[in-house]
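Trainee: Quick one: the structure is below, questions incoming.
The values are calculated or read from the model by the stated rules, or taken from the named source; none is laboratory data. Predicted, not measured: the structure shown is a model, and the values here were computed from it. Positions of Cβ are backbone-derived with ideal geometry, glycine not excepted, and every protein chain shown enters the neighbour counts.
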Amino acid sequence: MKRLNAHTSISSLLGILLLLGAGLGCKQITDAVREGTSDLESGSSEEYSADPAAGNSDVSVAAITEKTNLYVSKCYNSYSARIVDSYNRYGSWVKDMDAGPTGNERIIYGLYDVNGDGTDCTNAIKEAEGSDPDLPEVESAASEYSDALADVIKQIRRVHDYYDREDYKDDDFELGKRAHPDLIAAFNKFREANDVFGKRVDELEDKAASLQLEAIKDNPERRFETVVIESGLDAKKFKRLIQEKPYDDITVDDLKPLIDEFEGTIQELKKESKGPMAGMYISECEKFLVAAKELMRRKRDGTPFSRIDRLQIDSGAGWMVEGSPDKVIWAYNQMIQRRKFLRF
């Protein structure tokens, strides 16, 4: 049984950039994003101006962020985690996901329903397509995500009540067996679309964050904002590592430099802290740091996950397991959620 990767809400710097990015925009950004995402993926910043005085630009970082926010708030964060949880719930009792349920399982959990039918996501994507800047590759990924979302919700709804009401006891599991191929196909299609969509939006957010950071980093009056952005970028480096590299291949040498960097950023946050919500954000940063250190210590000491640990991880409760990637990702999401309440 293959478990879908735990979902991480795309967070990057949306909330913070909506507050900080209003004055940043330039023709170079406009040209780059209208040509597609190839420059965004390359990581090169030579073609991008970060001059906050460029007031005659066609598009600003705030405009990019506003468009991205539609994708994130109405689609990715609203649906992706629940779809993944539903798949994992289904896979927790269906022992062979290729063959499907047999009807002889000792425990039958069914699967989780989804809140919403995807219409809000579809409408948000249409709204985003009609706004500047043009982002062909992101918009294409969003469209495929929307199609996959509608299909997987349809397939989940087809059998959710069937399992919830235990109707399989009345038809000798006929519907459960018959619906399985279409259900798994929809889950797999969604997983692929979700991965591509998330990557595209994540890349765009990173570029916007880097441009904003470049624009304000030398302004002493905006030092706190600068360090807040840096904290998000530093934390994401760690989060990406544990998501993209197999757990068994991760080493202490991979983790420690990133932890040290983030710990230094926290010290800067404390030094520059301002505003009533700053302390709460820093507290969440500390929790992320602790979770990251727990993971590093588990790798350093060679501590295996216990049977109970693995059961929690497989059931979607890995955020409760000390030293697990799931707990780090959960702490990251909590940190990002807290950041959106900051005011400067």
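Trainee: Take the stretch 306-318 and flag every residue that is touching a residue at least 12 places away in the same chain (Cβ under 8 Å), over 17 Å from residue 95 (Cα atoms) and not acidic (Asp, Glu).
Mentor: Selection gives 318 alone.
Trainee: Let me ask you something else. With of a type in the set (Asp, Glu) and closer than 19 Å to residue 333 by Cβ as the only criterion, which of 221, 230 stands out?
Mentor: Exactly one residue qualifies, and that residue is 230.
Trainee: OK, next. Which count do you get for residues in the stretch 143-166 that are in a helix (DSSP H, G or I), surrounded by fewer than 14 Cβ atoms within 10 Å (Cβ to Cβ) and of a type in the set (Lys, Arg)?
Mentor: 1
Trainee: Would you mind stating whether residue 255 is within 30 Å of residue 95 (Cα to Cα), in contact (Cβ under 8 Å) with a residue 40 or more places away in the chain and in a helix (DSSP H, G or I)?
Mentor: The answer is no for residue 255.
Trainee: Output the residues belonging to the stretch 139-152 that are touching an Asp or Glu at 6+ places or on another chain (Cβ under 9 Å) and touching a residue at least 40 places away in the same chain (Cβ under 8 Å).
Mentor: 142, 144, 148
Trainee: Name every residue in the stretch 257-272 that is more than 23 Å from residue 343 (Cα to Cα) and either of a type in the set (A, V, I, L, M) or modelled with pLDDT under 95 (or both), in order of residue number.
Mentor: If the condition is that a residue be more than 23 Å from residue 343 (Cα to Cα) and either of a type in the set (A, V, I, L, M) or modelled with pLDDT under 95 (or both), then 258, 259 are the ones that fit.
Trainee: Here's another thing I want to ask about it. Among the residues of the stretch 321-336, is any of a type outside the set (Lys, Arg) and without any contact (Cβ under 8 Å) to a residue 12 or more places away in the chain?
Mentor: no
Trainee: Any residue in the stretch 204-233 that is outside any helix (DSSP H, G or I) sitting within a Cβ distance under 8 Å of a residue that is β-branched (Val, Ile, Thr)? List the pairs, counting only those 6 or more apart or interchain.
Mentor: Here the result reads 217/226; 219/226, each pair linking the stretch 204-233 to a residue that is β-branched (Val, Ile, Thr).
Trainee: Going residue by residue through the stretch 79-100, is there one that turns out to be in a helix (DSSP H, G or I), surrounded by fewer than 14 Cβ atoms within 10 Å (Cβ to Cβ) and not small (Gly, Ala, Ser)?
Mentor: The answer is no; no qualifying residue exists.
Trainee: What are the residues in the stretch 167-197 that are crowded, with 20+ Cβ neighbours inside 10 Å and within 30 Å of residue 128 (Cα to Cα), if any?
Mentor: Across the stretch 167-197, the qualifying residues are 183, 186, 187, 190, 193, 194, 197.
Trainee: Which members of the stretch 309-344 meet the condition of being small (Gly, Ala, Ser), at negative phi and at pLDDT 95 or above?
Mentor: Passing the criteria: 324, 331.
Trainee: Please report, ordered by residue number, the helices (runs of 4 or more DSSP H) entirely within the stretch 259-344 with at least 1 residues that are more than 27 Å from residue 221 (Cα to Cα), among the charged types (D, E, K, R) and in contact with a Cys (Cβ under 7 Å, 6 or more places away or on another chain).
Mentor: It comes to none.
Condition check ((1) crowded, with 20+ Cβ neighbours inside 10 Å; (2) out of contact with any Gly (no Cβ under 9 Å at 6 or more places or on another chain); (3) among the β-branched types (Val, Ile, Thr)) across all residues:
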{"site": "305", "(1), (2), (3)": "no, no, no"}
{"site": "317", "(1), (2), (3)": "no, yes, no"}
{"site": "324", "(1), (2), (3)": "yes, no, no"}
{"site": "328", "(1), (2), (3)": "yes, yes, yes"}
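Trainee: Would a scan of the stretch 215-232 turn up a residue that is modelled with pLDDT of 90 or more and within 15 Å of the chain's Cα centre (by Cα)?
Mentor: Scanning the stretch 215-232 turns up at least one residue that is modelled with pLDDT of 90 or more and within 15 Å of the chain's Cα centre (by Cα).
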